[in-house]
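Below is one structure, written out as structure tokens; comments come after it.
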Amino acid sequence: LYNPGDSDLVVQVQTAAGPQPDITIPPMSAARYPETGPVLPTASGVLFTSADPARIFYGVGALDADSAQDWGYALVPEGFASTQALIGWAPGNNNSPPNGDESRVYVTALGPTEVFVDFDHDGTADDSRVVTAALQEVAFDNYDDLTCAKLYTTDGVPFLAVWGQDQGSPPALPS
């Protein structure tokens, strides 16, 4: 997290486990979350909120649990979460039969919900779906190719989606 301001910034932290200790970021400085340890304690999304709504900050999520699967994403404002997402390129597994070398689509919702998938764009949910609690990180089936799939909720709960290599996959092709 980066504080571009000229005074300390207090950032409140919420995970699937509930509120966490606040982070105070000095001006023109960055802070890591969590401050110690390589990963979050559980498969959890994180909601960072400025204690002062008028203050802005920036963030990047970097994932590298095994020092070989380097991927990440920019953090986005809460208002960018949506009740639907169209997935670009997201092959699940390019081995036949699948052997554990997966890349997955992960979703984190802002509240408890069920996220559905429409693979063939006929307006009807297909077999694959995930149920999630608020801020819980869940992944779709390892073997599904979600390229061009539409993900959506029907109860109005917004979510975010990201595609990347499973941390348990080998650090080379064909993952």
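The values are calculated or read from the model by the stated rules, or taken from the named source; none is laboratory data. Everything numeric here is computed off the predicted structure, so don't read it as measured data. Heads up, the Cβs are rebuilt from the backbone with ideal geometry, glycines too, and the neighbour counts pull from every protein chain shown.
Total residues in the range 39-54 satisfying the condition of being over 16 Å from the mean Cα position of the chain (by Cα) and either at pLDDT below 90 or loosely packed, with under 11 Cβ neighbours inside 10 Å (or both): the figure is 4. For first residues located in the range 114-137 and more than 12 Å from TYR152 (Cβ to Cβ), partners that are surrounded by fewer than 12 Cβ atoms within 10 Å (Cβ to Cβ) and lie 6+ apart or on another chain with Cβ distances below 9 Å form the pairs PHE119/ASP127; GLN136/THR42; GLU137/THR42.
Give the range 126-141 a look and list any residue that's buried (at least 17 other Cβ atoms within 10 Å of the Cβ) and assigned to a loop (DSSP other than H, G, I, E, B), or say none. Within the range 126-141, SER128, ALA134, LEU135, PHE140, ASP141 meet the criteria.
Report whether or not VAL60 is touching a Pro at 6+ places or on another chain (Cβ under 8 Å) and either modelled with pLDDT of 90 or more or exposed (fewer than 12 other Cβ atoms within 10 Å of the Cβ) (or both). Before you say what the answer is, go through the steps one by one.
Numbers: touching a Pro at 6+ places or on another chain (Cβ under 8 Å): no; either modelled with pLDDT of 90 or more or exposed (fewer than 12 other Cβ atoms within 10 Å of the Cβ) (or both): yes.
In short, no.
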